[in-house]
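Data block below; observations after.
The values are calculated or read from the model by the stated rules, or taken from the named source; none is laboratory data. The model shown is predicted, which means the values in this text are computed figures rather than measured ones. Backbone-built Cβ (ideal geometry, glycine too); neighbour counts: all protein chains shown.
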Amino acid sequence: MASRAASGKGKPAIVAQDLDTLARYVPDLQEWPASWRVEDKDIPPGQAIVAIFTPFLEHLLTLGYARKTLLRHRDHLWMLGGDMIRRRYEDPDALAMPVVTLLHNLIEEDGGPLIWPRISESEQNSFDATCRKLYHYLNRSPNA
C-alpha cells in the first residue's frame, strides 16, 4: 500500500513505495494507446508513447504531490499522447518521425502544444505546466 506524506498544503500526498502504486494511479495506462487510436496501426506508436511517459509518471509519484495534482498531470499526459497521434494524421512529417522525436518537437521549456479542440486558457496553462515538467524530466542531466 502507498504511504502518505504531507504535500506541503496539509493534505496527504501519494508516495511510491510499492510496485502497485503506478497501477492504482493510472489503472488504464496500458489502454491509452487504444483510446488514442484512429486506426489499429496507431497502437504501436501509442505503446511507444506510453513507454516514454511511464518513467515520468513513476517519477511524479516520488515527488510528494497531492493526489489531485498527480491526477491532473496524469490527465494532461493522456491529452498529450492523444494530440501526438492526431498530429501524425495531420502532418506527414510527424508521421515519418519516431514518437520520441515528435514529443521533443512538441514540448519545450515554456510548455506544450496548443490542444485541439480548444481548451480554456487556464486549462492550457495547467497542461503547459505538465509539459514543462516532462520537458525538464526528459532533458535532465544524467548525473541528476
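List of remarks:
- Selection from the stretch 89-102 of residues that are touching a residue at least 40 places away in the same chain (Cβ under 8 Å) and more than 21 Å from THR54 (Cα to Cα): TYR89
- Taken over the stretch 26-70, the residue count meeting the criterion of being touching a Gly at 6+ places or on another chain (Cβ under 8 Å), outside any helix (DSSP H, G or I) and either without any contact (Cβ under 8 Å) to a residue 24 or more places away in the chain or within 26 Å of GLU90 (Cβ to Cβ) (or both) is 1.
- Residue in the stretch 43-54 that is under 25 Å from SER120 (Cα atoms), surrounded by 18 or more Cβ atoms within 10 Å (Cβ to Cβ), in contact with a Ser or Thr (Cβ under 9 Å, 6 or more places away or on another chain) and at pLDDT 95 or above present: no
- Here ARG24, ARG37 are screened, and the one residue that is basic (Lys, Arg), farther than 26 Å from PRO117 by Cβ and more than 13 Å from the chain's Cα centre (by Cα) is ARG24.
- Selection status of HIS59, surrounded by fewer than 17 Cβ atoms within 10 Å (Cβ to Cβ) and either within 14 Å of the chain's Cα centre (by Cα) or among the hydroxyl-bearing types (Ser, Thr, Tyr) (or both): yes
- As a summary of the residue check, ASP75 satisfies the conditions (1) loosely packed, with under 15 Cβ neighbours inside 10 Å; (2) within 21 Å of ASN139 (Cα to Cα); (3) within 15 Å of the chain's Cα centre (by Cα) except for the one numbered (2).
- Considering only residues in the stretch 103-144 that are small (Gly, Ala, Ser), touching a residue at least 12 places away in the same chain (Cβ under 8 Å) and not in a helix (DSSP H, G or I), the one that is nearest to ILE52 (Cα to Cα) turns out to be GLY112.
- Among the residues of the stretch 115-126, the one identified as closer than 20 Å to ARG88 by Cα and either under 15 Å from the mean Cα position of the chain (by Cα) or of a type in the set (Asp, Glu) (or both) is ILE115.
- Considering (1) farther than 16 Å from ASN139 by Cα; (2) crowded, with 19+ Cβ neighbours inside 10 Å; (3) among the aromatic types (Phe, Trp, Tyr), the lone condition that TYR89 does not fulfil carries the number (2).
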